[in-house]
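The values are calculated or read from the model by the stated rules, or taken from the named source; none is laboratory data. Every value quoted in this text rests on a predicted model; they were computed, and no experiment measured them. Cβ: placed from backbone, ideal geometry, glycine included. Neighbour counts: every protein chain shown.
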Amino acid sequence: MGYKPRKPVDPRVLLVEVLRTERVSPNVIRVTVGAEGFTPQGYDQWFRLFLPRQGQDHLRLPTRTSSLWYAQYLATPKAQRPWVRTYTARAVRPETGELDIDFVVHMEPDGTSGPAATFARTARPGARVGVLDQGVAYHPRHPHAWTLLVTDETGMPAVAGICASLPDDAQGVAIVEIPAEADRQDFRVPAGVDLRWVVRGPDEHVPGRAALAALRAADLPATPVYAFLAGESSLATGARRHLVEDRKVPRQHVDFIGYWRHGHAQP
Ligand SMILES: Cc1cc2nc3c(=O)[nH]c(=O)nc-3n(C[C@H](O)[C@H](O)[C@H](O)COP(=O)(O)OP(=O)(O)OC[C@H]3O[C@@H](n4cnc5c(N)ncnc54)[C@H](O)[C@@H]3O)c2cc1C
C-alpha cells in the first residue's frame, strides 16, 4: 500500500437502507446496507454509523463533511441526535451496491445490549442508517519485514480486510480472539501470514485477555515489524506496552486503537 494514509474519498454522511441481516455465527450478525456513494479502499476501512433512537422515524444526519460533522451533531438537541457508533467495512460490493457490516452481538447480564448491538438484532430491510467513511487506519510508515495483527472479535472484520488487501508475498502473524470456535470466519489470508485463532474460555468474561496472553507467549520474528493492535482498550494498550517495553519494538512501528471499553458505552 505504500506509506501514505488512506483518507476517505468522499467524506459525506450517506443515507443508506438496510437490505438484509444474517446471523453468520453465534456472536456475529451481518447487516448488509446499500453502498451507493461509498468508495471501498480495502484494509480496515472504518466509518461512523448513525442509527435512529427508539421512536425516531426521521434520521437527523449531519450535513457537514470531514470532522466538522461532530460540532453540528453536538448542536442538535439531544433527543433528536441519532446514536453514533463505529464499525468496519467487512465487505463492499460496488457491483451490487452492497456494504456488509459484522456486528458483535454483546449482551449485558440483564438481557439488554448497546444501541448498535440492539440495532443489529432488530433491524429490518428498509430501515435507514447514516454512514460516514473515515478511511483506513492500517498505516505502516516504515519498511518492515512482517506484519503483526492482534485483536478480539470486534477486529475480525479489520483483520479480514487487511489480510484480503495485503500482497500475496506478505509475511505476518495475526492473533484473533473469538468468543466461540463457531465464530471463526473464512477469508483470504496470504500464505506467509500465520492466522492464530484464540477461543476465549467460558469463564473469561473480559474479551481481549486471551489474545494478550497469546501475544505474550508467542515466538515472533526479530525482524522489523509493523504492528496493528485493536479491540478492547486494555488489549490494545497492553499489547502495545508488551511490544514496546518487553520486545523493544520502536513505538512508531506500532499502531493501537481501543475499539471499545469494557463496562463503558461508546461516548
Ligand atoms: C475503528 C473501529 C472499528 C470497529 N469495528 C467494529 C466492527 O466491525 N464490528 C464490531 O462489532 N465492533 C466494531 N467496533 C467496536 C464497536 O464500535 C463497539 O463495540 C461499540 O461500543 C458497540 O456499540 P453498542 O451500541 O453495541 O454498545 P455501547 O453502547 O457502546 O456499550 C454498551 C455496553 O456494551 C459493552 N460493549 C461494547 N462493545 C462490546 C463488545 N464487542 N463485547 C462486549 N461488550 C461490549 C460496553 O462496554 C458497555 O458496557 C469498532 C470500533 C472502532 C473504534
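Below are the figures for this structure:
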quantity	calculated
Filter result for the condition that a residue is out of contact with any Pro (no Cβ under 6 Å at 6 or more places or on another chain) and without any contact (Cβ under 8 Å) to a residue 24 or more places away in the chain, over 117, 158	117
Identity of the residue in the stretch 67-100, surrounded by fewer than 12 Cβ atoms within 10 Å (Cβ to Cβ) and not hydrophobic (A, V, I, L, M, F, W, C), that ends up farthest from the chain's Cα centre (by Cα)	77
Any chance residue 62 is loosely packed, with under 13 Cβ neighbours inside 10 Å, touching a residue at least 24 places away in the same chain (Cβ under 8 Å) and touching a helix residue (DSSP H, G or I) at 6+ places or on another chain (Cβ under 8 Å)	no
Among residues of the stretch 123-139, those that are under 19 Å from residue 164 (Cα atoms) and more than 13 Å from the ligand (Cβ to nearest atom), counted	0
Listing of strands (runs of 3 or more DSSP E) fully contained in the stretch 9-122 that carry 3 or more residues being at pLDDT 95 or above and within 15 Å of the ligand (Cβ to nearest atom)	13-25, 28-34, 46-51, 83-88, 98-104
Residue in the stretch 28-46 that is farthest from residue 127 (Cα to Cα), counting only those that are surrounded by fewer than 18 Cβ atoms within 10 Å (Cβ to Cβ) and within 19 Å of the chain's Cα centre (by Cα)	42
Test: residue in the stretch 152-170 that is part of a helix (DSSP H, G or I), under 18 Å from residue 91 (Cα atoms), more than 10 Å from the ligand (Cβ to nearest atom) and touching a Lys or Arg at 6+ places or on another chain (Cβ under 7 Å)	yes
Unique match (being within 11 Å of the ligand (Cβ to nearest atom), outside any strand (DSSP E or B) and surrounded by fewer than 17 Cβ atoms within 10 Å (Cβ to Cβ)) among 252, 266	266
All positions within the stretch 2-27 that are out of contact with any strand residue (DSSP E or B) (no Cβ under 8 Å at 6 or more places or on another chain) and closer than 22 Å to residue 156 by Cα	25, 26
Pick from the stretch 203-243, criterion assigned to a loop (DSSP other than H, G, I, E, B) and free of Cβ contacts under 8 Å to residues at least 24 places away in the same chain, ranking: nearest to the ligand (Cβ to nearest atom)	205
